[in-house]
Amino acid sequence: MNKKSIGILAAVVVIVCAAVFGGIYATRNIGKSEKKITQESAVNRLEKMVKKIEPRTAQPVKSPIEYDAAEDEAAELPDIDTCPVGVEAVTPLYAEIYSSPEKAGTGTDGWLCEMAEEFNQQGYEVNGQPVSVKVRKVNSGQALDYIATGKAVPEGYAPSSMLWVNMLNARGVTTETVAERMVGNVAGILLSEKTHKQIIEKYGSVDLKAITEATEAGEFAMGYTNPFASSAGLNFLVCTLERYDLGNPLSETAMEGFRKFQKNVPFVALTTMQMRDAAENGSLDGFIMEYQSYVNDTILSRNYKFTPYGYRHDNPLVSIASASQEKKDILNLFAEYCASDNAKKRAEEYGFNAMNDYICEYEEVSGDILVAAQKLYKTNKDSGRPVIGVFVTDVSGSMAGEPLQALQESLINSMKYINTQNYIGLVSYSDEVVIELPIQEFNLEQQTYFKGAVEHLSATGGTATFDGICVALDMIRELMDQYPDAKPMLFVLSDGETNTGYGLNDIRDVLSGMKIPVYTIGYNADLAALESISSVNEAASIDASTDDVVYQLKILFNANM
């Protein structure tokens with residue numbers, strides 16, 4: 001037999017062996033789902049790891065609960081300087097504008113900043129004095145909170161949608177419209193081509209009614225963003241309620257419909273990036289986004305179809321009534337400059353003004369209804385399913401001082417944003433892991449124990465982050481046996497990388513198999529290490545400096561707890 005024949009024979013043998021062993025491997029678990037096997041192996045491994053960790057349980061301590069809602073709302077907001085300035089004023093007399101990020105950033109998200117830079121060089125005057133504008137990038141919902149509480153009040157407010165202006169008016173702040181539309185935009189639902197086709201085949205068209213019906217029936221995994229912070233999320237919430245009862249979106253009919261819909265929503269995302277990651281990993285069939293962001297992302301625009309919904313996002317500009325007339329005049333001059341042909345052309349290049357024919361099917365909604373809709377969301381978002389949550393707190397030596405104080409303050413402040421029917425526990429870790437508070441229903445008594453446990457945390461030793469996560473996962477696993485329909489989640493609060501105990505590679509399969517999202521909150525932290533934990537099950541990782549962590553946790557808990 002020549003060398004060529006021997007080579008061919010050897011190749012055939014390899015292929016046959018591969019096919020045989022591949023077939024054995026592929027059929028080894030016939031009759032048993034992959035998910036069940038993964039969960040079983042994850043739990044078995046977790047139990048062995050927790051036995052090695054040997055956590056101890058602390059003596060419970062009570063602390064009285066005191067809330068002052070009016071003071072707390074302003075106090076929990078960070079200093080306004082934590083929100084970046086996109087364009088500085090160049091004259092002593094100027095008007096400051098709080099703008100939503102999609103037009104106050106850089107690149108294709110920098111339209112308003114570019115207009116402001118150009119405006120400031122034109123030599124405009126008011127009453128003989130040179131004037132300019134200052135643009136600060138602030139999320140629409142957060143800007144509303146600054147203005148409504150009086151913590152930081154600009155002369156101009158340019159949110160994504162008029163919905164926020166209506167809410168601001170409902171909270172007692174009078175505004176005057178400078179421009180109903182600076183640049184046109186719409187919110188939309190992104191569907192893969194396959195999902196888009198399936199909905200058309202069954203429902204005849206793709207619209208909000210079809211999508212909510214498909215989600216309610218469990219045929220479609222829908223994701224949307226936090227309606228307390230996101231313009232698209234707030235829009236989606238109120239339109240979903242109106243879809244169930246157009247005449248009264250706060251009726252019991254609307255609430256019942258929303259609960260049925262929400263029951264099949266995997267999670268409400270804090271950020272668009274979190275939704276995108278979930279979609280790419282197959283956890284979501286569709287999610288929401290503004291058209292301007294969609295069209296500027298080539299991956300999304302190639303792989304997803306965009307269906308507009310709800311109220312237009314036409315980026316209005318309003319002045320706050322308390323502003324001086326001179327500063328209102330500056331805003332009017334700036335709005336006129338932004339309405340020029342050159343400005344409109346630039347906006348189109350950046351993806352704005354592309355769906356001018358889209359008209360919202362709903363009538364204008366009042367700010368009072370929007371405020372009430374947010375409250376309704378908070379109490380109905382889990383559709384009667386409690387959340388089982390454990391807070392895993394880093395008390396290593398590097399957290400001593402200001403970081404631990406910020407952690408304690410943020411947790412205590414955020415307690416009031418946790419629904420009382422949820423089940424909450426607390427774990428701390430340094431070199432060892434301590435169960436500070438076993439999981440119980442978050443009634444008033446559990447709240448007093450939670451506050452007492454948080455107040456008694458002290459920092460020392462190493463950082464065994466994944467040991468703490470393992471113990472928390474095991475606590476949740478035990479309670480899930482009693483409440484199988486509950487929504488489990490972990491919150492890890494830390495300032496950096498692990499330096500003792502298990503590592504991420506040791507527990508990655510456990511996290512993946514148990515499907516429990518792990519939200520991480522970094523206190524001046526190594527964010528890459530924390531992001532790697534959250535990314536396993538598409539949870540969010542929050543960069544929370546000691547200046548803004550209180551507000552960040554409020555947003556997180558309003559969305560999830």
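The values are calculated or read from the model by the stated rules, or taken from the named source; none is laboratory data. Small disclaimer: the values here were computed from a predicted structure and weren't measured. Cβ placement follows ideal geometry from the backbone for every residue including glycine, while neighbour counts extend to all protein chains displayed. Side chains are part of the model used for accessible areas, which takes the heavy atoms of the whole protein and leaves out ligands, DNA and RNA. Shrake-Rupley method; radii C 1.70, N 1.55, O 1.52, S 1.80 Å.
For this structure, a couple of remarks:
- Subset of the stretch 374-388 that is modelled with pLDDT of 80 or more and over 19 Å from GLY425 (Cα atoms) - its residue that is surrounded by the most Cβ atoms within 10 Å (Cβ to Cβ): TYR377
- Number of positions in the stretch 50-108 that are in a helix (DSSP H, G or I) and either under 19 Å from VAL454 (Cα atoms) or basic (Lys, Arg) (or both): 4
- Any chance ASN235 is open to solvent by less than 10 Å² (accessible area, probe 1.4 Å), at pLDDT below 90 and in contact with a helix residue (DSSP H, G or I) (Cβ under 9 Å, 6 or more places away or on another chain): no
- For the stretch 140-160, the set of residues classified as without any contact (Cβ under 8 Å) to a residue 60 or more places away in the chain and closer than 14 Å to ALA95 by Cβ is empty.
- Spans of helices (runs of 4 or more DSSP H) in the stretch 477-561 with at least 2 residues in contact with a strand residue (DSSP E or B) (Cβ under 7 Å, 6 or more places away or on another chain) and either closer than 19 Å to SER410 by Cβ or at pLDDT below 85 (or both): 527-534, 549-560
- Residue match in the stretch 342-350 (condition: outside any helix (DSSP H, G or I) and open to solvent by 10 Å² or more (accessible area, probe 1.4 Å)): yes
- Among the residues of the stretch 373-410, those identified as closer than 23 Å to PHE466 by Cβ and of a type outside the set (A, V, I, L, M) are GLY389, PHE391, THR393, ASP394, SER396, GLY397, SER398, PRO403, GLN408, SER410.
- Residue check for ASP431: at pLDDT below 90, within 24 Å of LEU511 (Cα to Cα), open to solvent by 20 Å² or more (accessible area, probe 1.4 Å) and of a type in the set (Asp, Glu): no
- Criterion violated by PRO403 - all others in (1) assigned to a helix (DSSP H, G or I); (2) open to solvent by less than 10 Å² (accessible area, probe 1.4 Å) satisfied: (2)
- When SER283, SER340, SER293, SER366 are checked against the criterion of being closer than 30 Å to MET561 by Cβ and over 24 Å from the mean Cα position of the chain (by Cα), a single residue qualifies: SER366.
- The test for being in contact with a Leu (Cβ under 6 Å, 6 or more places away or on another chain), under 24 Å from VAL550 (Cα atoms), modelled with pLDDT of 90 or more and not aliphatic (A, V, I, L, M) holds for SER99.
- The requirement of being more than 24 Å from PRO60 (Cα to Cα) and assigned to a loop (DSSP other than H, G, I, E, B) is not satisfied by THR463.
- Within the set ASP314, ASP357, the sole residue that is modelled with pLDDT of 90 or more, in contact with a Lys or Arg (Cβ under 6 Å, 6 or more places away or on another chain) and assigned to a loop (DSSP other than H, G, I, E, B) turns out to be ASP314.
- Test for ILE37: is it part of a strand (DSSP E or B) and either surrounded by 13 or more Cβ atoms within 10 Å (Cβ to Cβ) or modelled with pLDDT under 95 (or both): no
- There is no residue in the stretch 246-257 that is touching a strand residue (DSSP E or B) at 6+ places or on another chain (Cβ under 9 Å), touching a residue at least 40 places away in the same chain (Cβ under 8 Å), open to solvent by 40 Å² or more (accessible area, probe 1.4 Å) and not basic (Lys, Arg).
- Filter result for ASP68 (exposed (fewer than 10 other Cβ atoms within 10 Å of the Cβ), under 31 Å from the mean Cα position of the chain (by Cα), modelled with pLDDT under 90 and not hydroxyl-bearing (Ser, Thr, Tyr)): yes
- Which listed residue, of GLU176, GLU252, is among the acidic types (Asp, Glu), at pLDDT 90 or above and within 22 Å of LEU317 (Cα to Cα): GLU176
- Residue in the stretch 96-115 that is within 18 Å of VAL178 (Cα to Cα), open to solvent by 10 Å² or more (accessible area, probe 1.4 Å) and among the charged types (D, E, K, R) present: yes
- In this structure, ALA269 does not satisfy being open to solvent by 20 Å² or more (accessible area, probe 1.4 Å) and in contact (Cβ under 8 Å) with a residue 12 or more places away in the chain.
- From the list LYS344, LYS328, LYS375, LYS381, the one residue that fits, being closer than 30 Å to GLU155 by Cα and touching a Phe, Trp or Tyr at 6+ places or on another chain (Cβ under 9 Å), is LYS344.
- Residue check, VAL371 in contact with a Gly (Cβ under 6 Å, 6 or more places away or on another chain) and on the phi < 0 side of the Ramachandran plot: no
- Every condition in (1) open to solvent by 10 Å² or more (accessible area, probe 1.4 Å); (2) closer than 23 Å to PHE267 by Cα; (3) among the hydrophobic types (A, V, I, L, M, F, W, C) is met by ILE516 except one, and the failing one is (1).
- Residue within the stretch 420-428 that is open to solvent by 20 Å² or more (accessible area, probe 1.4 Å) and free of Cβ contacts under 8 Å to residues at least 40 places away in the same chain present: yes
- Among the candidates SER319, SER324, the residue that is among the hydroxyl-bearing types (Ser, Thr, Tyr) and either closer than 30 Å to ILE516 by Cβ or out of contact with any Gly (no Cβ under 8 Å at 6 or more places or on another chain) (or both) is uniquely SER324.
- Pairs are defined by a Cβ separation below 8 Å, a sequence spacing of at least 6 or placement on different chains, a first member in the stretch 434-453 that is part of a loop (DSSP other than H, G, I, E, B), and a second member that is of a type in the set (S, T, N, Q); the pairs so defined are PHE442/ASN419; PHE442/THR420; PHE442/GLN421; PHE442/ASN422; ASN443/THR420.
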